[in-house]
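FYI, it's all coordinate maths here, none of it is from the lab. Every value quoted in this text rests on a predicted model; they were computed, and no experiment measured them. Because the Cβ atoms are built from the backbone with ideal geometry, glycine has one as well, and the counts that use them run over all protein chains shown.
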Amino acid sequence: MSDPRAYVLISPCRNEADYMRRTLDSVVAQTVPPALWVIVDDGSSDATPQILADYAARHDWIRVVPKPDRGHRAVGPGVIEAFYAGLETVSLEDFAYLCKLDLDLDLPPRYFETLIERMQTNPRIGTCSGKPYVRRGDQLVSERRGDEMSVGMTKFFRRACFEQIGGFVREVMWDAIDCHKARQMGWIAVSWDHDDLNFEHLRPMGSSQVSIYEGRRRHGRGQYFMGSDPLFYAATCAFRMAEPPYVLGGLAMLQGYLGAWLGGARQLDDRDLVAFIRAYQRRALRVGKARAVAEIDARAAQALSAQAEPHLEKRL
């Protein structure tokens, strides 16, 4: 790897003809373009293959990987399965960074340049992103994502961090589990609200091929799988009731969680990580997310400093 800013984008997609040109154009316009962009066509039946072929013919750093049609859209496990179908075609050691990028976004031109600059300034940042905004009428409105997570639709990773956490879990909530795992291992996970990083999300958060309510129920099932504390998740549902679809969206999230709980659904098979997540969430209920995360990051920084001291003594 010769370029310290080299990054690879991997984009799973299925039937994205309505949105993808805006994403494609916004990536082509980046001030620091990707060294490689692998787009996995996960069995599209619309104009997606033709659009991808057009862009790949004009940009030699775009590679299209076709995948057989499974017959339906599958968020969570299906998306990550398609992501790994693309990752398998890549030599990761050639890149300092990688990003799982959805094809329903409109990114500002300095998006990746800004993320890389911030990661180079702070080598403890393992994963980061900007903030998603959705259009309502003539205005762009924040999707209100927490600063303690990089967002799933544009998940930018330092390669070393991605490899250390073992990549993505192939389940719903993969895009929160990765951040918790990174933080557990001493990395910083973060997203920033900034003009160079705010992007338009062309498909609403939590939407589904069935309905937005099924998307919210799916999120609740995912939170149960991840092991989220019941009180913390109830507070999260109340928070989401203040945005469209008002009240009912938050109730659907709670319904998904309780349904998984009462049905004895499977949970994440990582007891230490689940305990870490719940301890953070319970602390966040008492002091707020920002302070709870700051405390974890401070402990990690102190541990790294303590590990470095013996090496400094040997040099002296």
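Taking amide H atoms as placed 1.01 Å from N in the peptide plane, list the residues 5 or more away in sequence, or in a different chain, whose amide H sits under 5 Å from that of R63.
W37, V38, I39
Between rounded, prolate and oblate, where does the range 212-262 land on the alpha carbon gyration tensor, with a ≥ b ≥ c its root eigenvalues, rounded for a/c under 1.5, else prolate if a/b exceeds b/c?
Taking the square roots of the gyration eigenvalues as a ≥ b ≥ c, the range 212-262 is oblate.
Using a cut-off of 15 Å between beta-carbons, work out the net charge of the residues near D54 (Lys and Arg +1, Asp and Glu -1, D54 not included).
Charge balance near D54 sits at -1.
May I ask you to derive the relative contact order of the chain, considering only C-alpha pairs under 8 Å and at least 6 residues apart, and to give it as an integer percent?
16 percent
Ranked by Cβ crowding within 10 angstrom, fewest neighbours first, how are W261, W37 ordered?
Ordered from fewest to most neighbouring Cβ atoms within 10 Å, W261, W37 come out as W261, W37.
Classify the range 93-162 as rounded, prolate or oblate, taking a ≥ b ≥ c as the square roots of the eigenvalues of its Cα gyration tensor: rounded when a/c is under 1.5, otherwise prolate if a/b is larger than b/c and oblate if not.
prolate
Using a Förster radius of 51 Å, what is the FRET efficiency between F239 and A57 based on their Cβ-Cβ separation? Nearest 0.05, please.
After rounding to 0.05, the efficiency reads 0.65.
Could you give me the ³J(HN,Hα) list for the range 89-105, computed from phi with Karplus coefficients 6.51, -1.76, 1.60 and θ = phi - 60°, whole Hz, x at Gly and Pro?
Rounded to whole hertz, the list is 8, 10, 8, 4, 5, 7, 10, 7, 9, 9, 9, 8, 10, 7, 9, 10, 10.
Provide the gained length on full extension for the span A275 to Y246, in nm with one decimal, where the gain is 0.36 nm per separating residue minus the Cα-Cα distance.
Computed gain between A275 and Y246 is 7.3 nm.
How high is the relative contact order of the range 1-148, in percent, with contacts defined as C-alpha pairs under 8 Å that are six or more residues apart?
33 percent
Classify the range 7-201: rounded, prolate or oblate, from the alpha-carbon gyration tensor (a ≥ b ≥ c, eigenvalue square roots; a/c under 1.5 rounded; otherwise prolate if a/b is larger than b/c)?
Rounded shape, in that the Cα axes give a/c under 1.5.
Post the alpha-carbon centroid distance, the range 1-26 to the range 194-266, in whole angstrom.
About 26 Å separates the Cα centre of the range 1-26 from the one of the range 194-266.
What length, rounded to one decimal in nm, is gained on full extension from A298 through to R266, with 0.36 nm per residue of separation minus their alpha-carbon distance?
The span from A298 to R266 would gain 8.2 nm if fully extended.
With a cut-off of 11 Å, note down the residues of the range 5-19 whose backbone N falls inside the zone around a label point 7 Å from the Cα of D46 toward its beta carbon.
14-19
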